[in-house]
Each structure stands twice: as C-alpha cells, then as structure tokens.
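Colleague: Let me give you the structure first, and then I'll get to my questions.
Only the coordinates and a few stated rules stand behind these numbers; no lab work does. Everything numeric in this text was worked out from a predicted model, so none of it was measured. With ideal geometry, Cβ positions are generated from the backbone for all residues, glycine too; neighbour counts draw on all protein chains shown.
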Ligand code: BDR
Ligand code: CA
C-alpha cells in the first residue's frame, strides 16, 4: 500500500493504523498540500513514521504544493491546528524525506508491484493525477485506489455540495475519476457516521500495548483539537469523524462498508458547485465513470477495528 496524505490529524491516525496493521505492507507515504502546506505534511509524516516505529523502512516522498491549475486556497488550521497535528509537538525524525517526487515514486512502485499496489488517497488528488497524466498506463497497474473524498447523498463540508479533498483540486479529481483505474470512493456519506469518541480514546489509553502508549497519548492529545472543532461546527459531543482512517480500513476490511456502483463525474466549471461529486442515479446512467461508492458503514465495527491494532 502507498498512502498519499496531507498529514493532518485524521491522516496521522490513518497512517498509524496502516503501520501497525500486520496485514499491510506500507511501501511509502507520499505527501500533498491540503490541510497544511506540503512541507509540513512531509515533516508530519516523518514524525508519525518515527512514532509508529515500524519494523521496516517507510520512505516519505514529497509531492504537490498547489492544485494542478487553480490558485491555491488557504489551509485548514481551524480543523487540524497550525502544525496540522492538533499543535501537538512530536519529536523530529532522524530520517529525511526522499529526493524522488511523489508522482515518480507512485509510477515506479506500480510498475514494480504490477497489479498488487493499493493506493489510499487521503488528500487532494493532485499527486495521483500528476502520475496518471505522465503515465496513463498506471491506471491499469493499480489494484485499487481508495479515495477519501466526495459526497453523494449528504451535504459537502466546504461548500453546500463539495467535500474538501475534491474541492481543493477538482481538475485533479476529474483526471483520476476518468482514468479507468478501479476506484472505491469513501466519502462523507460514510465518514460522517464513523465517529470516534473521547471515551474510545480513554479506553485506548488504558488497554493499549505498552509499546503503543505514546501512540495512544498522541491520539488523545491531537484528537482534542479535532473534537473541539467538530463540537463548535457540528455540535457533536466530544467526538469526530474518522474520514481518513476509515478509508485505509476499507482497503483491508471491505466488510465494514456497503458499496454501490455509481457513475461519478466531478464538477469543474461551476462557481457554486465546483468539486461536487455528481452521481448519475438515473435508471440508465450516462454521465461520469463507474466507481464503487461507499453508501453505508458499520460504524461501531469500524471504530473498534481501527483501535484494535493498538491493543
Ligand atoms: C478530508 O479533509 C481533510 O481535512 C481530512 O484530512 C480528510 O482527508 C475530509 O473532508
Ligand atoms: Ca486528509
């Protein structure tokens, strides 16, 4: 698996989950602007890899710092903190970021692992689109792309209709969705139901393996920031949606989701609707490309499985 992330609070938890999962071999992390500038996403990823203490090397490859064609918009300090991980100071890593850029790494690994590479895209799709434009054959070499992004039957979280990762670079998302790669879209329809509560984190601190205590502490500290944001914006009580962790989970535990095949097109023209993932739900759909869209989730099971790797 390669994880492409704009390493904010929920990306960090997704990476920790992947690195602790015995059935996942993380080939590397590629970084992208989004929640924070790409330099910070790279630095956060290195710190998270150090925290996870994986028994093998996990290289971090820096990627895009801006959308493919649009002017960059701001970052999401109000959601993820100024440093992207809830303003928690994690020790710096001795490892350095790789010189090979994200898109080159994606293409190289897909060739090496032909048909066996899963890509989890947890931020703007800029790196993935960049790689697909440079090598369109990449689409046929990936086992599947799990995209955290979009919304079909629920509202957006940045505009009335758009989810942040798609809204942040609609042209990139459009390229990825049209590429012919097998895609599972894990959007707000399911991630907004998959809520982590403070009580889950309290339990994690009590029950985690001793070697995962620092991870449990980090999750407690960083999630505090995230909870505060969601409490103010959505009136949740000390809980927050696990967008990115659920997306990685979907790749190894498909049973937690119910997917429906839909044709999805990304709106790139409209001012009001830019970044909308338009599902053609007509009886004879024509617009867009076929995508497995996560329509429902067993949220309790998902949260339990996400925490279980640390116990
Ligand atoms: C997505 O946007 C980011 O804030 C999160 O990390 C997640 O990937 C949710 O819309
Ligand atoms: Ca993310």
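Colleague: Take every Cα pair under 8 Å in the chain that's 6+ residues apart, average their separations, divide by the length, and report that relative contact order as a whole percent.
Modeller: Normalised by residue count, the contact order of the chain is 19 percent.
Colleague: I would also like to ask the following. What list do you get for 273, 239 if you sort them by fewest beta carbons within 10 Å?
Modeller: Fewest-to-most ranking of 273, 239: 273, 239.
Colleague: Can you give me the distance in nm between label points at residue 178 and residue 301, each placed 7 Å from the Cα along the Cα-to-Cβ direction?
Modeller: 3.7 nm
Colleague: On a full-extension model of 0.36 nm per residue, what is the gain between residue 211 and residue 71, subtracting their alpha-carbon distance, rounded to one decimal in nm?
Modeller: Once the chain is fully extended between residue 211 and residue 71, it gains 46.0 nm.
Colleague: Once you wrap a convex hull around the alpha carbon atoms of the chain, what is its projected area averaged over all directions, in nm²?
Modeller: With the hull built on Cα positions only, its mean projection is 14.5 nm².
Colleague: What FRET efficiency comes out for residue 270 versus residue 203 if R0 is 41 angstrom and r is the Cβ-Cβ distance? Round to the nearest 0.05.
Modeller: It comes to 0.35.
Colleague: Let me see the pair-distance distribution of segment 139-207: every alpha carbon pair, 10 Å bin width, integer percents in order.
Modeller: The distribution over segment 139-207 is 19, 37, 25, 15, 3, given as percents.
Colleague: Taking only DSSP H segments of four or more residues, each worth -39500 (n - 2.57), what value at 222 nm results for the chain once the sum is divided by all its residues, to the nearest 500 deg cm²/dmol?
Modeller: Calculated at 222 nm, the ellipticity per residue is -11500 deg cm²/dmol.
Colleague: Could I ask something else about it? Between Rg and the Kirkwood Rh of segment 57-97, both from Cα atoms, what is the Rg to Rh ratio?
Modeller: For segment 57-97, the value is 1.05.
Colleague: Only Cα pairs within less than 10 Å get springs; with that Gaussian network setup on the chain, which residue of 13, 276, 192 has the largest fluctuation?
Modeller: Most flexible of the set in this elastic network: 192.
Colleague: Also, I was wondering about something else. Assuming 1.002 mPa s and 20 °C, estimate D for segment 78-176 with Stokes-Einstein, Rh taken as the Kirkwood radius over Cα pairs, in µm²/s.
Modeller: 139 µm²/s
Colleague: Based only on other Cβ atoms within 10 Å, what is the fewest-to-most ordering of 132, 203?
Modeller: 203, 132
Colleague: Just the Cα atoms of segment 14-120: what Rg and Dmax do they give in Å?
Modeller: Here Rg and the maximum Cα pair distance are 14.3, 40 Å.
Colleague: Another question, then. Just rank 146, 56, fewest to most, by other beta-carbon atoms within 10 angstrom.
Modeller: Taking fewest neighbouring Cβ atoms as first place, the list is 56, 146.
Colleague: Moving on to the next point. Out of all DSSP beta bridges with both ends in the chain, state the antiparallel percent to the nearest 5.
Modeller: 45 percent
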